[in-house]
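To start, the structure under review is shown below, and the notes come after it.
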Amino acid sequence: AAGLYRLNEKVNLYGNFSRGYFFPQLRSLKFNNGAVQSYATESVIQGEIGAKYGSPKLAGTAALFFNALSDRRNVDIINDGMGGITEEVQLQSTRTYGIETSLNYNIASGINAYGNFTWQQHEFTEVEGNEDQVGNKIARIPNIMGMVGLSYDNNMFDANISSNFLGSKFANNDNTVELSGFNIVRLDAGYKISLGKGDENVRLGVSVFNLLDAAGITEGSPRQGNSQVAGGNFFVGRPILPRRIFLRATFDF
């Protein structure tokens with residue numbers, strides 16, 4: 001169910017609500033003599049209300065959102081303590097609410113400043129076999145995310161620089177290992193060359209990932225699960241890739 005109301009020529013108000021279902025992964029189901037013991041669907045409820053503003057110089061959105069996922073069959077591949085790995089299946093329910101905003105401002109012809117921001121509060125509302133985790137934050141999901149950027153395009157030369165921020169998050173559902181937030185800056189620029197008649201052209205470009213060569217950890221070790229600890233001599237995790245430079249040629253015809 002959804003609706004939209006035109007407040008005036010520049011502002012629209014909207015809202016939507018949905019209830020849907022996910023079917024469990026086959027590997028998360030138990031079988032007994034070839035028969036499935038349980039095959040309940042995983043339900044998800046989502047809702048959002050917000051406003052959108054648009055004018056020749058400025059455009060923006062703001063929205064409140066809610067999400068509830070029930071009886072999800074979560075599958076973690078973790079160490080079994082004997083040198084191998086095992087699949088651990090656990091029923092989980094979660095709840096998330098927050099606010100999302102976006103903004104785009106036309107500074108001058110071909111020059112735009114833009115950005116977005118998300119704040120969310122998320123938690124477990126049910127954890128099969130581990131009630132102590134109810135109320136904990138969901139692993140690997142930050143509460144704060146945002147981006148700001150500046151772009152320029154005159155149909156011949158274009159450039160874009162953006163800065164992406166991800167706040168701190170926990171590496172596991174026990175919330176015993178906290179990973180610090182980090183910021184990644186990206187740069188992209190290109191020059192378009194016309195090829196004869198018509199719209200044929202080639203764009204020669206360069207892009208740089210992690211321009212400032214920031215350091216950070218995107219997630220801990222999923223194989224260790226809740227047994228992972230911080231503060232030791234070694235920590236297993238997935239780091240941000242260091243600075244990367246790409247050269248590109250794009251043909252348009």
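The values are calculated or read from the model by the stated rules, or taken from the named source; none is laboratory data. In this text the structure is predicted, and so the values were computed from the model without any measurement. Counting neighbours? That spans all protein chains shown, and the Cβs are built from the backbone with ideal geometry, glycine included. Remember, those area values only see protein heavy atoms, side chains included, never the ligands or the DNA or RNA. Shrake-Rupley method; radii C 1.70, N 1.55, O 1.52, S 1.80 Å.
Close contacts from the range 91-112, counting a first residue that is within 15 Å of SER70 (Cα to Cα) and a second that is surrounded by 15 or more Cβ atoms within 10 Å (Cβ to Cβ) and small (Gly, Ala, Ser), with Cβ to Cβ under 8 Å and a gap of 6+ residues or different chains, come to SER93/ALA68; SER93/SER70; THR94/ALA68; ARG95/ALA68; THR96/ALA68.
If I ask for residues that are open to solvent by less than 30 Å² (accessible area, probe 1.4 Å), among the small types (Gly, Ala, Ser) and closer than 22 Å to LYS169 by Cβ, which ones from the range 113-153 would you list? Those that are open to solvent by less than 30 Å² (accessible area, probe 1.4 Å), among the small types (Gly, Ala, Ser) and closer than 22 Å to LYS169 by Cβ: GLY115, ALA139, GLY146. Six or more apart or on different chains, Cβ atoms under 6 Å: show the pairs whose first residue is in the range 137-166 and within 22 Å of ALA249 (Cα to Cα) and modelled with pLDDT under 95 and whose second is open to solvent by 30 Å² or more (accessible area, probe 1.4 Å) and in a strand (DSSP E or B). Sorted first by the residue in the range 137-166, then by its partner, the pairs are MET156/LYS192. Listed conditions (1) touching a residue at least 60 places away in the same chain (Cβ under 8 Å); (2) surrounded by fewer than 15 Cβ atoms within 10 Å (Cβ to Cβ) are all met by ASP76, apart from (2).
Let me confirm something: among VAL208, VAL202, which residue is among the β-branched types (Val, Ile, Thr), surrounded by 14 or more Cβ atoms within 10 Å (Cβ to Cβ) and more than 29 Å from the chain's Cα centre (by Cα)?
Among VAL208, VAL202, only VAL202 is among the β-branched types (Val, Ile, Thr), surrounded by 14 or more Cβ atoms within 10 Å (Cβ to Cβ) and more than 29 Å from the chain's Cα centre (by Cα).
Here TYR5 passes the criteria (1) open to solvent by less than 60 Å² (accessible area, probe 1.4 Å); (2) more than 28 Å from ILE138 (Cβ to Cβ); (3) not charged (D, E, K, R) except the one numbered (1). Quick check: anything in the range 18-25 surrounded by 15 or more Cβ atoms within 10 Å (Cβ to Cβ), in contact with a strand residue (DSSP E or B) (Cβ under 7 Å, 6 or more places away or on another chain) and not aromatic (Phe, Trp, Tyr)? Yes, there is a match, as at least one residue in the range 18-25 is surrounded by 15 or more Cβ atoms within 10 Å (Cβ to Cβ), in contact with a strand residue (DSSP E or B) (Cβ under 7 Å, 6 or more places away or on another chain) and not aromatic (Phe, Trp, Tyr). Tell me, yes or no, whether the range 84-91 has at least one residue that is farther than 18 Å from GLU128 by Cα, open to solvent by less than 50 Å² (accessible area, probe 1.4 Å) and modelled with pLDDT of 95 or more. No, the range 84-91 contains no residue that is farther than 18 Å from GLU128 by Cα, open to solvent by less than 50 Å² (accessible area, probe 1.4 Å) and modelled with pLDDT of 95 or more. Residues in the range 40-56: is at least one open to solvent by less than 90 Å² (accessible area, probe 1.4 Å), in contact with a Pro (Cβ under 7 Å, 6 or more places away or on another chain), within 29 Å of GLU126 (Cβ to Cβ) and acidic (Asp, Glu)? Yes, because at least one residue in the range 40-56 is open to solvent by less than 90 Å² (accessible area, probe 1.4 Å), in contact with a Pro (Cβ under 7 Å, 6 or more places away or on another chain), within 29 Å of GLU126 (Cβ to Cβ) and acidic (Asp, Glu). Considering the range 78-112, and only residues there that are of a type outside the set (S, T, N, Q) and touching a Lys or Arg at 6+ places or on another chain (Cβ under 7 Å), the residue that is nearest to ASN172 (Cα to Cα) turns out to be ILE78. If you go through the range 167-199 and keep only what is under 19 Å from ALA215 (Cβ atoms) and without any contact (Cβ under 8 Å) to a residue 24 or more places away in the chain, you end up with nothing.
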